[in-house]
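Structure first, then comments.
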Amino acid sequence: MSKDNQKKSISTHLIAGGSAGFVEALTCHPLDTIKVRMQLRTKSAAQGQPRNFVGVGIRIIKKEGALALYKGLGAVVTGIVPKMAIRFSSFEIYKSWLANKETGKVSTGATFIAGLAAGVTESIFVVCPMEVVKIRLQAQRHSMMDPLDVPKYRNAGHAAYTIVKEEGIGALYKGVTLTCLRQATNQGVNFTVYQEVKKVLLAKQDLKELPSYQALIVGGLSGAMGPISNAPIDTIKTRIQRAPNPAGQSGWTRFTSVTGSIIKNEGYRAFYKGLTPRLLRVAPGQAITFMVYEKVRQWIDLWSSLMEQSQQA
């Protein structure tokens with residue numbers, strides 16, 4: 001592949017990935033807010049509160065207003081467009097590096113490694129800072145219906161500024177190791193399942209591209225695999241990112257402290273708090289992401305092809 005074609009390919013993945021992330025964020029954010037509230041709720045605080053995700057959602061709406069389900073959306077939208085752009089473009093770059101030099105084919109193992117690397121890349125550049133801000137916003141229990149109920153963090157920008165001012169810029173990278181681990185396993189499984197199932201479907205149907213409904217279904221299937229495998233990591237990460245670190249406490253000490261506290265006070269099942277809304281958010285989110293990504297990529301490729309033809313005519 002020439003340098004010009006490689007640049008075009010990377011820009012295509014950047015644009016298609018960013019577009020997919022934007023649509024996914026607008027569609028699925030309420031489920032993420034419910035998941036975070038369930039993960040942050042301790043055993044003592046759960047007395048008299050609904051246990052299932054529907055009840056938690058209804059409670060949020062009653063107490064804080066329907067818009068409360070979109071707390072932290074600004075942080076997500078600000079971060080998810082570059083996150084998805086980085087995810088898809090870096091995955092394609094890593095995959096090209098790992099492809100067989102003679103045949104150009106990419107093995108299943110290489111796809112998994114490329115997914116792992118893409119997950120780490122997006123974690124460091126976007127996901128960890130974005131999630132610290134998002135979780136702080138989602139954890140606030142103020143009413144969106146009362147203009148006098150002023151929260152500590154007014155919006156994503158103000159939250160980021162306040163966190164850095166009070167705790168230092170390093171606070172935006174609290175839980176970065178766990179975030180990298182979660183995103184790496186997510187994308188390793190996600191891309192591998194999607195690519196392998198897509199490969200089988202294309203071969204059986206003798207197609208070059210998946211129809212949108214098939215990309216939606218395969219994306220949902222692949223998206224469900226990550227949360228099931230790494231729910232404990234996500235719960236511990238959420239608890240760590242919620243509050244400032246105690247003075248002089250290292251990241252490892254904080255990790256063991258939070259993990260031990262969950263086991264002691266809430267039991268091992270607490271590691272899977274919020275799994276249902278996370279599945280209901282991530283699986284359809286990935287379904288939408290892959291469908292939009294594939295469709296936008298096809299549109300860009302078609303537009304590029306038409307432009308090249310017009311220039312040659």
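What to note about this one:
- When the residues of the range 65-80 are filtered to those that are of a type in the set (A, V, I, L, M) and open to solvent by less than 50 Å² (accessible area, probe 1.4 Å), the one that is farthest from C180 (Cα to Cα) is A68.
- Flag for K295 being under 22 Å from C28 (Cα atoms) and either open to solvent by less than 20 Å² (accessible area, probe 1.4 Å) or not aromatic (F, W, Y) (or both): yes
- Residue list for the range 211-246, restricted to those being within 29 Å of S261 (Cβ to Cβ), touching a residue at least 24 places away in the same chain (Cβ under 8 Å), among the aliphatic types (A, V, I, L, M) and open to solvent by 30 Å² or more (accessible area, probe 1.4 Å): M225, I228, I233
- Residue count for the range 39-64 satisfying the condition of being modelled with pLDDT of 85 or more, within 18 Å of L279 (Cβ to Cβ) and crowded, with 16+ Cβ neighbours inside 10 Å: 2.
- Subset of the range 89-108 (residues that are open to solvent by less than 50 Å² (accessible area, probe 1.4 Å) and either of a type in the set (D, E, K, R) or closer than 30 Å to A139 by Cα (or both)): E92, K95
- Close contacts from the range 6-31, counting a first residue that is on the phi > 0 side of the Ramachandran plot and a second that is in a helix (DSSP H, G or I) and modelled with pLDDT of 90 or more, with Cβ to Cβ under 9 Å and a gap of 6+ residues or different chains, come to none at all.
- Taken as a whole, the structure places R239 among residues that are over 16 Å from the mean Cα position of the chain (by Cα), under 18 Å from I34 (Cβ atoms) and not β-branched (V, I, T).
- Cross-chain or 6+ apart pairs with Cβ under 6 Å, the range 164-178 first and more than 10 Å from P244 (Cα to Cα), then among the charged types (D, E, K, R): G175/K237; L178/K237
- Extreme residue, surrounded by the fewest Cβ atoms within 10 Å (Cβ to Cβ), among residues of the range 247-262 that are modelled with pLDDT under 85 and of a type in the set (A, V, I, L, M, F, W, C): A247
- Test: I135 is buried (at least 23 other Cβ atoms within 10 Å of the Cβ), part of a helix (DSSP H, G or I) and either of a type in the set (A, V, I, L, M) or without any contact (Cβ under 8 Å) to a residue 24 or more places away in the chain (or both): yes
The values are calculated or read from the model by the stated rules, or taken from the named source; none is laboratory data. Note that this is a predicted model, so its numbers are computed, not measured. All Cβ positions, even for glycine, are placed from backbone atoms using ideal geometry, and neighbour counts span all protein chains on display. With ligands, DNA and RNA removed, areas are computed over all heavy atoms of the protein, side chains included. Shrake-Rupley method; radii C 1.70, N 1.55, O 1.52, S 1.80 Å.
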